[in-house]
Amino acid sequence: MAQPSTRILDHIVHLTPPGSLAETSAQFRSLGFTVAPGGTHADGLTANALVVLPSGVYLELLTFTHPVSHYPPGSSAHKARTAHPWANKQPGWIDFAFLGNSGTPSIAETINQRASEDGNGVHYDKEVRGGRKREDGEVLEWLISASDESHRGVLPFFCGDLTPRKLRVPLDPPSNVDHANDASGIAHVRLLVADDGFASLSKQLNTVLGAQPISSGPTDAIWSLDDVILAPNAATGTGEGHSQLILSLAQSDEERAYVRERGASIYEVGFVRYAHESGYLMATYMKRSGRSPTATADVH
């Protein structure tokens with residue numbers, strides 16, 4: 001049986017504080033993104049809105065439905081809320097997902113077999129069911145597999161659809177993927193890590209992706225990822241049309257402070273924009289270390 005791909009970028013998770021999803025959605029709209037409605041997850045603990053890109057990758061604007069204080073101490077709901085893998089994450093970019101499958105062959109078993117051969121300590125838990133109820137009542141189901149909590153946010157989790165992916169990622173109507181800023185795909189996801197974690201994390205990412213970096217040096221390693229859809233006549237990534245995963249050693253004072261505060265984590269997400277009238281590519285780099293997203297642009 002053919003081994004499943006473990007380097008297809010599916011979505012990037014952006015956390016917003018409880019009660020502020022509408023505010024964050026407005027902030028993303030102000031940056032030229034179209035924000036589509038999401039729904040409430042099956043556990044009732046989180047809800048989301050979506051920024052769907054023509055490449056098929058999307059941003060998940062996520063919020064907890066209530067703060068921890070909402071739940072009675074000792075209750076099952078309180079325990080579930082405090083045990084959630086994102087319960088202690090700060091607002092901003094917190095995690096990213098690669099596309100899984102319906103369970104056969106198992107993504108977790110595929111990666112764990114590689115890890116046993118590589119001997120670098122990577123372990124993915126067996127797939128578990130998850131889901132979400134859309135605002136229109138449609139019920140979505142999927143399988144999730146993730147690494148241990150200490151690696152969440154730097155090693156991707158996997159999301160494999162049990163219901164059609166088009167229900168989870170609404171590319172239709174076309175207005176969902178028509179962004180005023182001409183965003184068409186992800187250029188890169190950039191992770192920051194401290195000095196003592198760069199070498200080991202680089203090896204672990206090799207195991208998870210099942211591929212070596214296309215470029216590697218003492219301070220950066222770059223892997224080529226696959227988008228779910230390569231939209232015809234649209235710029236959906238960098239180079240040959242692929243997104244990139246970049247692991248960088250924190251070097252500037254700002255970067256070192258970021259890692260001290262948040263640990264190894266996503267520092268930057270790059271978007272590819274296509275200027276139809278002149279045909280040039282513009283990569284927009286968005287950082288989110290506080291409450292408001294910020295963006296800068298470079299022309300290529």
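The values are calculated or read from the model by the stated rules, or taken from the named source; none is laboratory data. Bear in mind that the values here come from a model prediction, so they are computed numbers and not experimental data. Backbone-built Cβ (ideal geometry, glycine too); neighbour counts: all protein chains shown. SASA here: full protein model, heavy atoms, side chains in, ligands and nucleic acids out. Shrake-Rupley method; radii C 1.70, N 1.55, O 1.52, S 1.80 Å.
A few notes on this one:
- Among the residues of segment 62-71, the ones that are of a type in the set (Gly, Ala, Ser) and either open to solvent by less than 10 Å² (accessible area, probe 1.4 Å) or touching a residue at least 12 places away in the same chain (Cβ under 8 Å) (or both) come to 0 in all.
- Enumeration of residues in segment 94-140 that are of a type in the set (Lys, Arg) and either on the phi > 0 side of the Ramachandran plot or open to solvent by 30 Å² or more (accessible area, probe 1.4 Å) (or both): Arg114, Lys126, Arg129, Lys133, Arg134
- Count of segment 141-155 residues which are more than 14 Å from the chain's Cα centre (by Cα) and at positive phi: 0
- Where Leu225 falls short, out of the listed (1) in contact (Cβ under 8 Å) with a residue 24 or more places away in the chain; (2) under 17 Å from the mean Cα position of the chain (by Cα); (3) open to solvent by 60 Å² or more (accessible area, probe 1.4 Å): (3)
- Members of segment 72-85 that are open to solvent by 20 Å² or more (accessible area, probe 1.4 Å) and in contact with a strand residue (DSSP E or B) (Cβ under 9 Å, 6 or more places away or on another chain): His84, Pro85
- Residue ID - farthest from Ser147 (Cα to Cα), chosen from residues in segment 76-130 that are out of contact with any helix residue (DSSP H, G or I) (no Cβ under 7 Å at 6 or more places or on another chain) and aromatic (Phe, Trp, Tyr): Trp93
- Members of segment 37-61 found to be assigned to a strand (DSSP E or B), of a type outside the set (Ser, Thr, Tyr) and surrounded by fewer than 19 Cβ atoms within 10 Å (Cβ to Cβ), listed by number: Pro37, His41
- Residue satisfying all of: in segment 141-154; out of contact with any Asp or Glu (no Cβ under 7 Å at 6 or more places or on another chain) and either at pLDDT below 95 or not β-branched (Val, Ile, Thr) (or both); most open to solvent (accessible area, probe 1.4 Å) among these: Glu149
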